[in-house]
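Each remark here refers to the structure printed beneath this line.
The values are calculated or read from the model by the stated rules, or taken from the named source; none is laboratory data. What you see is a predicted model, and the numbers here were worked out from it, not measured in a lab. Note: ideal-geometry Cβ built from the backbone for every residue, glycine included; neighbour counts use all protein chains shown. Each accessible area value is taken on the protein alone, full model and side chains, heavy atoms only, with ligands, DNA and RNA left out. Shrake-Rupley method; radii C 1.70, N 1.55, O 1.52, S 1.80 Å.
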Amino acid sequence: MLRTLLLFHICRHNLGTNVHGFQGEEQIETTVEDFLDHSPHFTTTQGMYDVEEVADDDDDWQMVQAKGNQFVVNGQPFYVNGFNTYWLMVFAADQSTRGKVSELFQQASSVGLTVCRTWAFNDGQWRALQKSPSVYDEEVFKALDFVVSEAKKYKIRLILSLVNNWNAYGGKAQYVKWGNASGLNLTSDDEFFSHPALRSYYKSHVKAVLNRVNTFTNITYKNDPTIFAWELMNEPRCTSDPSGDTLQSWIAEMAAYVKSLDAKHMVEIGLEGFYGPSAPARTQFNPNSYATQVGTDFIRNHQALGVDFASVHIYADSWISPTISDAHLEFTKSWMEAHIEDAEKYLGMPVIFSEFGVSRKDPGYNSSYRDTLINTVYKTLLNSTKKGGSGAGSLLWQLFPDGTDYMDDGYAIVLAKSPSTSNLISLHSTRVAIFNSRCSWKCRWGCRKKNSLEKFLYRDDL
């Protein structure tokens, strides 16, 4: 069992924003049981996570579960600070780029990130995982095996998404093409959700992934604690049925199907979080009127049996206006608070803000604004966390290693090139780690020290 000495340098009067070196008179020292057994060793004298070679103790590497409105692992809370990098499998399929996967996990681990969301699909495209229904490229599957095994080395857990709503990497459109190639007469990509043959194709893919035996670890995916959760689909929308009934039927069937194959792992839908017809009073929080018409329904969708936690995305620059403004920050805060409230009042489950970011291509963009946006997300989550609320974590869109700029959609964060952002991420990881370890603390704090800790946890750092 991992034991770590947690040493915090906390200022009485002034906590600096640079997490590389807190300076102050007061030092708080405590031994923490099992501190961060899900991540590498932690060095708070620098305020950063340092990756060290640690003994791999599978007894400590357990499934994360949802319990009420929190995630838990090994009997402790598991608040998430994480990231997206969708293309890991494709990079791992090529020996010339495979090293970038390891590099990314090492860098993410060094700033305390603990969950990565990535694609477990590539349908009918270049370097496809699924070349045609139930026909797989074994070399690409081995690449996904590598991603899972490498994530575990760096104590990073994975949310694996199983299909795309959009055309990138195949998506529902590819399933419709396969259906038509087999003799069906399909006229809409949304028939992915309703046609029995396409539902069957999707279920076969789910079964293939969940029952996959990793060629690096010899662990079946459905038994591997490295996998944090299964995501049914990236950003599902069914605009042909704004009532939401079609998508609701698909979610209910597929969540139950995943659970029938794998009762151990959590399941989430992959929704953007738009409110629909079941909650007309909440549609005021949608970013625009169109969001009500895309066939999704945040509260109703997440009430489907088998769904363990809620997912929400945040893209003010796509949904409201591309030009950067303070209105984007105000929307981000109100959007988050509304979904945290709903997760508590109506769903009784955690919520992860599983994509958020801002593009460098947006008019008025600068790195200071990006840091402000990230800080807004982190601060809103901490406000929930300190009250025991449903705000369970967030995943940046998206983290890249150096030398992968040609894959950048404008949102990429390269830690080595973004010191202020890297520091902000690391500081939030430190705070999250404190919450995750609090129930194991054996010492008693004096009032003054408690106040110092509170300042460290909740201070606005920009």
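Listing for the model above:
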item	result
Under the Karplus curve 6.51 cos²θ - 1.76 cosθ + 1.60, θ = phi - 60°, whole-Hz ³J(HN,Hα) for region 204-209, x wherever Gly or Pro sits	5, 5, 4, 4, 5, 6
Whole-number accessible area per residue in Å² for region 279-378, which is evaluated in the context of all protein chains at 1.4 Å	37 Å²
Accessible heavy-atom area order of 215, 187, highest first, probe of 1.4 Å	187, 215
Gain upon complete extension [residue 253, residue 293; 0.36 nm per residue less C-alpha separation]	12.2 nm
Residue-span extension gain [residue 132 to residue 245] - 0.36 nm each, minus C-alpha spacing	37.8 nm
Of 100/152; 67/333; 142/177, pairs whose Cα-Cα distance is over 23 Å	67/333; 142/177
Net charge dipole size for region 65-437 [Lys, Arg +1 and Asp, Glu -1 on Cβ; Debye, nearest 20]	920 debye
At R0 = 45 Å, FRET efficiency that the Cβ-Cβ distance of residue 320 and residue 95 yields, to 0.05	0.60
Cα-based Rg and Dmax for region 65-437, where Dmax is the largest Cα-Cα distance (Å)	19.4, 57
Gain on full stretching of the segment that runs from residue 180 to residue 361 - 0.36 nm per residue minus C-alpha separation	61.4 nm
Pairwise label distance in nanometres, residue 438 with residue 278, each label 7 Å out on the Cα-Cβ vector	3.1 nm
Heavy-atom accessible surface of region 65-437: percent carbon and sulfur, 1.4 Å	51 percent
Calculated SAXS-style log₁₀ I(q)/I(0) at q = 0.15 Å⁻¹ - region 129-195, Debye, Cα scatterers	-0.61
